[in-house]
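Contents: one structure, followed by commentary.
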Number of protein chains: 2
Amino acid sequence: MKDSLGRLVDVLTSLPGIGRKSAQRIAFHLLKNPDNGKVLVAAVESAINQLHLCPLCFNFTEDALCPICADKKRDHSTICVVEEPQDVFVLEQTGEHRGTYHVLGGVLSPLDNVGPESLHIKELVERVRREKIVEIIVATNPTVEGEATANYIAQLLKPLGVRVSRIARGIPVGGDLELADRETISRAFEGRREL
Amino acid sequence: MKDSLGRLVDVLTSLPGIGRKSAQRIAFHLLKNPDNGKVLVAAVESAINQLHLCPLCFNFTEDALCPICADKKRDHSTICVVEEPQDVFVLEQTGEHRGTYHVLGGVLSPLDNVGPESLHIKELVERVRREKIVEIIVATNPTVEGEATANYIAQLLKPLGVRVSRIARGIPVGGDLELADRETISRAFEGRREL
């Protein structure tokens, strides 16, 4: 039977991006500094207990509305549609988007039985109908599923008279043509702009 | 003010080997799967509360004696001296050492005010005096402090009539002479054996 140390290493190894060696290192760090362990326990518990989904955009929040939806200074006529709450987190760190968000909670994936009804697409359509929306920027990932979801949303929303755009796909800044795959290069040519 | 999500990311980032991006990924994983978060909380709490140091070898254990010290089938006449409990964990995975262990809890480091009295060296001397010890294998890390600690222990124990040995330092298996530093190459020559 495993003791509590072995079990802790197992649990830590099950977290994304943590291998067995890192898990061991973290486990011994927590045992050597039990106060850090208590801080971690409190942080996980309070995050799990206090965070819930914003009823408007489905991002995580502690309040009735998330800080972005509640912020009157943001541009509420432009909604950026993303797959997961972490995408909001990442985009907010760039400060690039001044509008609000809508988190789908995944992408369409028929093979995994994820259809439109499993995502927050119905609520997006309701927002477009209810609020004065000018543009929907679809920022799902440039994967097969992300593209399919973007196209589905565009077909659904365009008849409602809203502009639907897609973030550009191309060679990443600092990237290398040599290392780019064919599809990315094709998208980079498609999206070229006059200098 | 940061919300509980920001705080969780901060706490996770403070763990060894976890950068900001990994911390974000783990935090969102725990929020998306709150049951995994609860399992993590329980594992950290039970490890912190149930594990303590073995009074004989100072490895972590849940019992009065650690499973290695309590195991009558192990060779109790050979003690492997290591810096930290994780070293026992690593060595046990190789199955190389059939004796018992003694965890120092660190290395001699005058600059950090770590003298012999801060480590479990006195208890090691007592074990050598009390038990029938044939050999002490010093497996501290091959750093300046690890070597100094090994030499200190050897000077202390040799007068007691016990054999004190040091694990070999050399080119790691699968390693490359080209990448080895001068000191390692020097040790590899010193420790050469006839073929």
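For the reader, a short list of remarks on this structure follows.
- Amide H contacts of B:Y101: B:C80, each under 5 Å away and 5 or more positions distant or on a separate chain (H built 1.01 Å from N in the peptide plane; Pro and chain starts excluded).
- Total charge dipole magnitude, segment B:1-102, about the Cα centre, Cβ charges on Lys, Arg, Asp, Glu only, Debye to nearest 20: 480 debye
- Listed by chain and number, the lysines placed with their C-alpha closer than 24 angstrom to that of A:K38 are A:K2, A:K21, B:K2, B:K21, B:K32, B:K38; residues fewer than eight positions away on the same chain are left out.
- Shape of the protein assembly as shown, Cα gyration tensor, a/c cut at 1.5: prolate
- The rotation axis that maps chain A onto chain B passes nearest to the beta carbon of this chain A residue, listed with its distance in whole angstrom: A:V41, 3.
- Heavy-atom accessible area order for A:R192, B:R127, A:R182, A:R166, largest first, 1.4 Å probe: A:R182, A:R192, A:R166, B:R127
- Using θ = phi - 60° in the Karplus curve 6.51 cos²θ - 1.76 cosθ + 1.60, the 3J(HN,Hα) couplings for segment A:98-104 round to 9, x, 9, 10, 9, 8, 6 Hz; x is entered for Gly and Pro.
- Annotation for segment B:48-99: trypsin sites (Lys or Arg not before Pro) lying in DSSP loop with at most 13 further Cβ atoms inside 10 Å of their Cβ are B:K72, B:K73, B:R98.
- Near A:L104: Cβ cut-off under 10 Å, other residues only, Lys/Arg at +1 and Asp/Glu at -1. The net charge is -4.
- Axis of helix A:85-94 versus longest Cα principal axis of chain A: the two differ by about 70°, to the nearest ten degrees.
- Relative to the longest principal axis of the Cα atoms of chain A, the long axis of helix A:4-13 lies at roughly 20 degrees.
- Sequence-distant residues sharing a close amide H with B:V164 (under 5 Å, placed H): B:I136
- Surface share of carbon and sulfur [accessible, 1.4 angstrom probe, percent] for segment B:50-195: 54 percent
- Magnitude of the charge dipole, segment A:66-195, Cβ model with Lys/Arg +1 and Asp/Glu -1, debye to 20: 760 debye
- Reachable lysines from B:K158, criterion Cα separation under 19 angstrom, eight or more residues apart if same chain: B:K122, B:K132
- Using alpha-carbon coordinates, inclination of helix B:144-157 to the longest axis of chain B, degrees: 50 degrees
- A dipole drawn for the protein assembly as shown from +1 and -1 charges on Cβ atoms has a positive end, and of A:I171, B:G161, B:L12 the residue lying farthest that way is B:L12.
- Taking other residues whose beta carbon is less than 13 angstrom from the beta carbon of B:R7, and scoring Lys, Arg as +1 and Asp, Glu as -1, yields -3.
- Per residue, chain B exposes an accessible area of 58 Å² to a 1.4 Å probe, with every protein chain left in place.
The values are calculated or read from the model by the stated rules, or taken from the named source; none is laboratory data. In this text the structure is predicted, and so the values were computed from the model without any measurement. Reconstructed Cβ throughout: ideal geometry from the backbone, glycine too, with neighbour counts over all protein chains shown. These area figures cover heavy atoms from the full protein model, side chains too; ligands, DNA and RNA do not enter into them. Shrake-Rupley method; radii C 1.70, N 1.55, O 1.52, S 1.80 Å.
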